[in-house]
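Below is one structure; the comments refer to it alone.
The values are calculated or read from the model by the stated rules, or taken from the named source; none is laboratory data. Please read all numbers here as calculations on a predicted model, not as lab measurements. Positions of Cβ are generated from backbone atoms using ideal geometry, with glycine treated the same way; all protein chains shown enter the neighbour counts.
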Amino acid sequence: MAELDTSGGGKHKGGKVRSKKQSTRVDLTAMVDLAFLLITFFIMTTTLAKPKAMDLTMPDKDDKTKDQLAVKASSSLTLLLGSNDKLEWYLGEAGKSAPTIIGYGKDDLRKLLVEKGADIMKATGKPMIVLIKPSIKSTYKNVVSALDEMNITNVQSYAIVDILPIEVTDLQKNGLYNDTK
């Protein structure tokens, strides 16, 4: 039981004669009970942070050729995810333009997506389509980073597709197909 004792100190000899004060005792048990009830109430009614997940639509495994979308080379940007937290990108078709090596940060991938998206919209009048091609040397973190950048920059059309052998050769040539550590 919790108590608050406000009684006077010990008896002093000498000095003025004072009247004896009554000691006041306050029982704090009810207040402690109320505090625990309030804490319990707020813990039970608080919504916990829910994990955020990105919606990802996957094609049906049985029918691969029915709903394929033809992508124009003039409005497509391809990202080749390599090792060492680097990626290559190129516009159009594989082998027809030289790929450029960049990183995943806001000054690299995000800036690229914003600039090229605006350029393609201005040139073709249609939104950019991004093809994400992870290699076996890229990490899960790299794919998630690329998808996050698609979400941040509001790229409406993007797809994760298989990487072509010519693109793997290009990653090897540029040193982005190494074992990650």
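A few remarks follow.
- Residue in region 9-29 that is at pLDDT 75 or above, out of contact with any helix residue (DSSP H, G or I) (no Cβ under 6 Å at 6 or more places or on another chain) and in a helix (DSSP H, G or I) present: yes
- Counting only residues that are touching a strand residue (DSSP E or B) at 6+ places or on another chain (Cβ under 8 Å), under 17 Å from Glu88 (Cβ atoms) and of a type in the set (S, T, N, Q), region 135-181 holds 4 of them.
- Figure legend. Inter-residue proximity from region 104-115: first residues closer than 11 Å to Ser145 by Cβ, second residues assigned to a loop (DSSP other than H, G, I, E, B) and modelled with pLDDT under 90, beta-carbon distance below 8 Å, spacing 6+ or different chains. Indicated pairs: Tyr104/Asp85; Leu109/Gly103.
- Met58 vs. criteria exposed (fewer than 12 other Cβ atoms within 10 Å of the Cβ), at pLDDT below 85, closer than 19 Å to Thr139 by Cβ and within 27 Å of the chain's Cα centre (by Cα): no
- Selection from region 125-150 of residues that are of a type in the set (Val, Ile, Thr) and closer than 18 Å to Asn178 by Cβ: Ile136, Thr139, Val143
- Selection from region 141-181 of residues that are in a loop (DSSP other than H, G, I, E, B), within 22 Å of the chain's Cα centre (by Cα) and free of Cβ contacts under 8 Å to residues at least 24 places away in the same chain: Asn154
- Filtering Leu79, Leu109 for residues that are touching a helix residue (DSSP H, G or I) at 6+ places or on another chain (Cβ under 7 Å) and either assigned to a helix (DSSP H, G or I) or basic (Lys, Arg) (or both) leaves a single hit, Leu109.
- Thr78 fulfils the conditions (1) modelled with pLDDT under 90; (2) closer than 19 Å to Ile132 by Cα except for a single criterion, (1).
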